[in-house]
Each structure stands twice: as structure tokens, then as C-alpha cells.
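Visitor: Here it is, the structure in full.
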Amino acid sequence: MNFDTTLFLQALLHRAPGHIAEHLQLVLIPLTLAVLIAMPAGILLTRPAYRRQAERVMSVFNAGQTIPPLAVIALFFPFMGLGYGPAVLALTIYALLPIARNTVAAIASVPEEVKEAARGMGMTPGEIFFRVELPLSIPTIMTGIKTAAVLTVSTAVLAALVGGKGMGAIIFAGIHFFRFELVLAGTLYIGIMAISLERGLALLERKLTPPHLKSARRRGTI
Amino acid sequence: MIQLEQVSKTFRGSRQPAVDRITLRVKQGDICVLVGPSGCGKTTLLRMINRLVEPDDGMITVDGRSIAQMDPPTLRRTIGYVIQQVGLLPHRTIAQNIALVPELLKWPREKTARRVAALLEMMDLDPGEVGHKYPHQLSGGQAQRVGVARALAADPPIMLMDEPFAAVDPIVRVRLQDQLLRLQQTMQKTICFVTHDINEAIKLGDHLVVLKAGRMVQSGTPLDILTQPENDFVLRLLGDDRGVKILDQTRAETLMDPFADAAAQAAANGHRVQAIDPVKIALERMMLMNTDEITVCEGARPVGLLRWNAIKAHVHRISGGAS
């Protein structure tokens, strides 16, 4: 197989960029939905009233992770058909687990004696949550969101298979016609999107992380 | 004043009550020490006073008001609480940690800042240096001093302390104990203090409550308990050096022979202790000087003579000559 540089550059500079916006939509909408569902669910699962259900609900989220996204689309095909909607649904389900799992783990790992002292000082449950548990949990929750984001960028390629568009359109076209140049151009953009999204979220994480953890991290890396 | 009336608590899944019909009164300005082996219910009892644990039965009142009628967070903001693991909020600076309760009480910012600085000074911590640090940058002893400062922040009349000095090394522990006693002389807080260390209990307590398996075994002043232990359990808890402990709790003046007249007073020898010094100190000096008697003074004035024989006889009499 010979490498056609002209075709590669044409794909890289003209065909692929048109799919960036589509692809980002396929990432950001499911990711936002997943955060909006999984974070409150994770928080709820650490409240005393629901703590017992945590195991069971987490196994449901786990199951969501094991079903291949294409199977989700096939499952919902009778109700939703093909296209953009089912793709978003499948990607949302796929992104739930890392966020929910990290939210539960983060809040559960807030030291017991810190919560005990906060309660003993006279903080209400709401104050303990917003002033103690949540700030201490931000770094781990953000790690979950970053994982989900990178996962969704790559999984969203599959959306093209069901007519959901995105960068997958180029990649699968390349696979069909044995044009390696197209696959490479599409994949390059996937990589760039994954890295920049991860970096962007890392910046946000840094902003939200409580200062004592920042200084600890700095010391750790030097 | 804190009053507990026939208070009981059985935890779910346990057949034996953790706290079994305890009646107790902690006087204003006293340090009341709850002492006993682990699992005796002392911590549970303490945590019922700020409603971290709800009693099944009985009544607890603070200054005559039943705490069951109060909103728990509001109640807790009026009671200082210190725990063994300290539990400082790791994401807040030391100053912010101490400011926690004043903040919850919505104090003006300036008043809070002044109070925080004053408390750090009081605990022998430099406000300029320590105030901006985070808890993980402190030593264990420093962290616990901050824990005490945080509990004192809103000047609560009552303090609950749950083995606050158990996790620090022995040298620091003695320093923290001395500091607490020094502060208490001016603060006059009503303090409930939990410990399993009988030496700490005797040193700090105005009043001791000995607990075993949820029941109160004995209560009284340290000297009461040392001189009249209720049973073998208390005797064992007091340890092998009960006589020495008694001498530490007995003032020199109680065992001395008072001088009958000015002539005897004038003949007093050179070695002296103060009347309010513990006999243990007098004994230490007698041993150092290799003498059998020492002059007891009130200020500069000799008032009596303390003899080795009197000390010996006293310990012998109290321990019943038995054992």
C-alpha cells in the first residue's frame, strides 16, 4: 500500500475539519448529560438514607459500561431508530460509570474524623456537604469526568456507523475504501480532541481543587 | 452545670447496653473525668451530651434545660468538642479551622480574626507563622492544640474532650495536660474529659467517674477514689503504685506535726516545702537531702514538721495494711 500524501493533506485540511464541530457535539452533549445524571446519583448514594443501595446501583452503572455502545443502539433501535439521538443516548450511558464511581469513591473517602469533628462543631448536614465533603471530593470527581471525556471522544467515532456523523464518518470511509490516509487524518483529530479536552478539564480541576492538595501535588512532582 | 439522670443507651445489634442507667452531675467549672477500659461506655456517654448519640432513656440537662428540646447543631455550637484524631478540616488553613464555629454563628469578620489570633497566642502558637498553614503541615501536638483552640473559639461554657491527648507522644502529652490545667485556672470551663489513662484522670480531674461495661462503678475526687476504692476493679485500675499516687494527691500540711510554739518554730531545720505542695515532693526532697524530716512552710513562715514515719504510717493506714 502506498501512502498518497496529497489525499492525506486534503483529508487533513479540508474534509476532516468539517467534522470537528459535529464530533465535539457528540462528546459534549453526552458528557454534560452524564455529569448531570451521574454526579447527583453518586452524591445521593453516599447519603445515609441511600448508602445501602450504593452497591446495587453501582452494579447497574457497571452493567452500562459492559454493554458495547453499538449494542445499546441496537437495543433502542425499535424505539429510536438510527441517527444522532440513539448515538447520544448510547454515549451518555457509556460515560455514566466513571463519573458515578469516582463521585461515590471521592465522597466516601472523606476522613470519618473530619466529618465527626464538623458535626461536633455544630455544622448541619448541608453545611458538612457543601463546605467539607464536596470541596475535598472535587479532584477525584474531576478525574472521573476526565476519564469519561477521553472515553467519549474515542467512542463517539462509532456514531458514524448509525448515521450519527462525527469524525467517524471520515475514519469509516477510509476503512471502507482502504484509504489509510483518511483513517490517519481522522484519528489525528480524535487524538488532538482527546488531549485538548483532557487538558481543558485539568485546568478547570486545578481551579476547583482546594489549596492544600495543590501544594501537596507540587511537592510530589518535584 | 451538666446533669445526667438515669441515662441508658443500647446500640442496635448489641444485647448489652453501652451505657446503663448513669446518673451524674458535673459542677460548673469542674473537670469531670470519665475513666475506664475501652468499651466501658465513656465515649458514648460523652457524645450524648452534645447529641452525637441519642439516649434511649433518661434525661440530660445543661444549666437546667433539657437538651432533647434543643436543635442539635445549635446545641453543639455552644459546646466545645475535642477528639483524639483532632479532625481539622484539611482544606482550610489553621486560622480558618479555628474560625469555624464563630463563622457558623455569623460573628463579624474582625471579631473572629481577633479571637483567632488571641487563641493561637493562648495555645503558644505564633499566629503569623501557624495561622496560614494547612493541618498536614503541623506536628501531632500542634494539631491537637489547634483542636483545643477551635473548640474554645466561640467561648463555650462547656467542653467535651474525648481522649484528646492519647495520640501524642508522652512528653508532648504532659505539656498539653499542664497547658490545659493552666488555662482552666482562668477559663473555669465545665469540662467532661474521657480517658483510659488513670494517671491522666487523677492529674486532670476534679471529679472522677469510673465506668465498667456501661455501669458507673465509683465516682468521687481522685483522693476519694485512691483512698477508698470501691472494689477490686477500681483497685486494679489504680495500678501498683496507689500509695505513691495518694502522696501525690495529699498536701504536705495534712501529714505534718504543727509547731506547738515559737521555740520549735525557730529551731526548724533548713529543708523546706510549702504547705500546699504534695507529700510526694516533700518525700523527693527528703530523699535528696538524706533526712527523715522536713519543715513545712506557709510562704516564708515555718508551720510544722513533716516526718518520714508519718508518711509511712499514712500510706500503711490507708491501704489497710492489707493486700
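The values are calculated or read from the model by the stated rules, or taken from the named source; none is laboratory data. Here the structure is a predicted model, which means the values were calculated and not measured. No Cβ is skipped: glycine too gets one built from the backbone with ideal geometry, and neighbour counts run over all protein chains shown.
Visitor: May I ask you to say which residue of A:Phe129, A:Phe77, A:Phe61 is within 14 Å of another protein chain (Cβ to nearest Cβ), in a helix (DSSP H, G or I) and aromatic (Phe, Trp, Tyr)?
Guide: On the way: A:Phe77 fails: within 14 Å of another protein chain (Cβ to nearest Cβ); A:Phe61 fails: within 14 Å of another protein chain (Cβ to nearest Cβ).
So the residue among A:Phe129, A:Phe77, A:Phe61 that is within 14 Å of another protein chain (Cβ to nearest Cβ), in a helix (DSSP H, G or I) and aromatic (Phe, Trp, Tyr) is A:Phe129.
Visitor: Within the set of pairs 6 or more residues apart or between chains, which connect a residue that is in the same structural domain as B:Pro229 (by TED's automatic domain parsing) inside the stretch B:202-213 to a residue that is among the charged types (D, E, K, R) and not in a strand (DSSP E or B) with Cβ atoms less than 7 Å apart?
Guide: B:Ile202/B:Lys245; B:Asp206/B:Asp30; B:His207/B:Asp30; B:Leu211/B:Lys42
Visitor: Could you please find all residues in the stretch A:45-56 being of a type in the set (A, V, I, L, M, F, W, C), in contact (Cβ under 8 Å) with a residue 40 or more places away in the chain and over 10 Å from A:Ala100 (Cα atoms)?
Guide: Answer for the stretch A:45-56, where residues must be of a type in the set (A, V, I, L, M, F, W, C), in contact (Cβ under 8 Å) with a residue 40 or more places away in the chain and over 10 Å from A:Ala100 (Cα atoms): just A:Ala54.
Visitor: Another question, then. Which residues, counting only those in the stretch B:23-46, are within 14 Å of chain A (Cβ to nearest Cβ) and over 20 Å from B:Leu181 (Cβ atoms)?
Guide: B:Thr43, B:Thr44
Visitor: Conditions first: (1) β-branched (Val, Ile, Thr); (2) away from every other protein chain (no Cβ under 14 Å); (3) under 30 Å from B:Pro73 (Cα atoms). A:Ile93 passes all but one, so which condition is the exception?
Guide: Every condition holds for A:Ile93 apart from (3).
Visitor: For residues that are of a type in the set (S, T, N, Q) and closer than 20 Å to A:Met142 by Cα, scanning just the stretch A:40-78, find the one that is surrounded by the fewest Cβ atoms within 10 Å (Cβ to Cβ).
Guide: Filtering first and then ranking leaves A:Asn62.
Visitor: Of all the residues that make up the stretch B:108-124, how many are touching a residue at least 40 places away in the same chain (Cβ under 8 Å) and surrounded by fewer than 17 Cβ atoms within 10 Å (Cβ to Cβ)?
Guide: The qualifying residues number 1.
Visitor: Quick check on the stretch B:156-203: of everything there that is within 14 Å of another protein chain (Cβ to nearest Cβ) and of a type in the set (D, E, K, R), which residue is nearest to B:Leu4 (Cα to Cα)? Before you say what the answer is, go through the steps one by one.
Guide: So in the stretch B:156-203, the residues within 14 Å of another protein chain (Cβ to nearest Cβ) come out as B:156, B:158-164, B:166-167, B:192, B:194.
Now drop any that are not of a type in the set (D, E, K, R), which leaves B:162-163.
On the way: B:Asp162: 18, B:Glu163: 20 Å.
The residue in question is B:Asp162.
Visitor: Of all residues being in a loop (DSSP other than H, G, I, E, B) and either over 15 Å from the mean Cα position of the chain (by Cα) or hydrophobic (A, V, I, L, M, F, W, C) (or both) in the stretch B:27-44, which is surrounded by the fewest Cβ atoms within 10 Å (Cβ to Cβ)? Just the residue, please.
Guide: B:Ser38
Visitor: Same structure, new question: Residue by residue through the stretch A:107-117, note down the ones that are hydrophobic (A, V, I, L, M, F, W, C) and within 7 Å of another protein chain (Cβ to nearest Cβ).
Guide: A:Val114, A:Ala117
Visitor: Quickly run through the stretch B:170-201 and pick out the residues that are hydroxyl-bearing (Ser, Thr, Tyr) and touching a residue at least 24 places away in the same chain (Cβ under 8 Å).
Guide: Answer for the stretch B:170-201, where residues must be hydroxyl-bearing (Ser, Thr, Tyr) and touching a residue at least 24 places away in the same chain (Cβ under 8 Å): B:Thr190, B:Thr195.
Visitor: Looking at the stretch B:118-146, which of its residues are of a type in the set (A, V, I, L, M, F, W, C), within 14 Å of chain A (Cβ to nearest Cβ) and not in a loop (DSSP other than H, G, I, E, B)?
Guide: Those that are of a type in the set (A, V, I, L, M, F, W, C), within 14 Å of chain A (Cβ to nearest Cβ) and not in a loop (DSSP other than H, G, I, E, B): B:Ala143, B:Val146.
Visitor: Restricting to the stretch B:75-117, and then to whatever is among the hydroxyl-bearing types (Ser, Thr, Tyr) and over 26 Å from the mean Cα position of the chain (by Cα), can you tell me which residue is nearest to the other protein chains (Cβ to nearest Cβ)? Before the answer, list the steps.
Guide: First, pick out the residues of the stretch B:75-117 that are among the hydroxyl-bearing types (Ser, Thr, Tyr): B:78, B:81, B:93, B:112.
Next cut, over 26 Å from the mean Cα position of the chain (by Cα) only: B:93, B:112.
Numbers: B:Thr93: 8, B:Thr112: 14 Å.
Across the stretch B:75-117, the extreme among qualifying residues is B:Thr93.
Visitor: Tell me, please, whether a residue that is among the polar types (S, T, N, Q) and either within 14 Å of chain A (Cβ to nearest Cβ) or in contact with a Ser or Thr (Cβ under 6 Å, 6 or more places away or on another chain) (or both) can be found in the stretch B:47-68.
Guide: yes
Visitor: Which number in (1) within 26 Å of B:Ile49 (Cα to Cα); (2) touching a residue at least 40 places away in the same chain (Cβ under 8 Å); (3) outside any loop (DSSP other than H, G, I, E, B) marks the one condition that B:Pro164 misses?
Guide: Among (1) within 26 Å of B:Ile49 (Cα to Cα); (2) touching a residue at least 40 places away in the same chain (Cβ under 8 Å); (3) outside any loop (DSSP other than H, G, I, E, B), the lone unmet condition for B:Pro164 is (3).
Visitor: If we scan the stretch B:139-147, do we find a residue that is without any contact (Cβ under 8 Å) to a residue 40 or more places away in the chain, small (Gly, Ala, Ser) and touching a helix residue (DSSP H, G or I) at 6+ places or on another chain (Cβ under 6 Å)?
Guide: Yes, the conditions are met somewhere in the stretch B:139-147.
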